[in-house]
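This report concerns only the one structure given below.
Nothing in this text is a laboratory measurement; each read-out follows from the coordinates by a stated rule. Remember, it's a predicted structure, so these values are computed and weren't measured experimentally. Counting neighbours? That spans all protein chains shown, and the Cβs are built from the backbone with ideal geometry, glycine included.
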Amino acid sequence: MAIYEGQLVDYDSDKNALFLRVKKNTQIKLSYKDRFKQTLIPFYIFAPSLYPKMNSYFEYDHGYNPASPIIEIKVDGYSQIAQPVILQALIDSGADGTMLPTQVLEKADASYVDSVRMSGVFGVKEQRDRYRVRIQIGNIIINGIDAVATDSETECLIGRDVLNQFVVTLDGLAAETRISD
């Protein structure tokens, strides 16, 4: 017998049912005995891959030619003082990691992690600082993202370190992006 960890989502006392969310690809068999009635209480398992808790749509930015997929994100530097920063980010599935403007990282009071040598699509290598942040898209929070600081004042991009946490659908004909988990 194995014990699987999940999150209690809701309890319905009228139906004697517990609603749990478990990790993806987890196969489990559960039963629970009510101490007073000595009867089995049914469990309803909500697998995240079958029942997404988030399905958000974002319109493409037509300021680019061609129009580009962008999403609204909230950047939090784990500070108890600073407020999270809300901004638009370009989706870049070719980028290994997320890049945020230095001023956004400072405003979010993000902590310095390290300095890395990196290269872009043209192969030019540069030394860049990374800062630890938490990023929220819709109602999902991704912890422990080491974002690269950029000199740009406005441009930020979300790379695969964040995108790989979701199902991302780019619908060019409708000029919208769908993010679901």
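Approximating the spin labels as points 7 Å out from Cα along Cα→Cβ, the residue 64-to-residue 178 distance works out to 2.0 nm.
Add +1 for every Lys or Arg and -1 for every Asp or Glu among the other residues with Cβ under 10 Å from the Cβ of residue 96, and state the total. Please list the in-between numbers first.
Working: positive: 160; negative: 92, 161.
Every neighbour counted, the sum reads -1.
Taking 0.36 nm per residue of separation and subtracting the current Cα-Cα distance, fully stretching the chain between residue 121 and residue 103 would add 4.1 nm. Potential lengthening of the chain between residue 82 and residue 54 amounts to 7.4 nm, from the contour at 0.36 nm per residue minus the alpha-carbon distance.
Please report, in whole Å³, the volume per residue of the convex hull around the C-alpha atoms of region 93-181. Spell out each step's value before the answer.
On the way: hull volume 10.0 nm³, N = 89.
Once divided by residue count, the hull of region 93-181 is 112 Å³.
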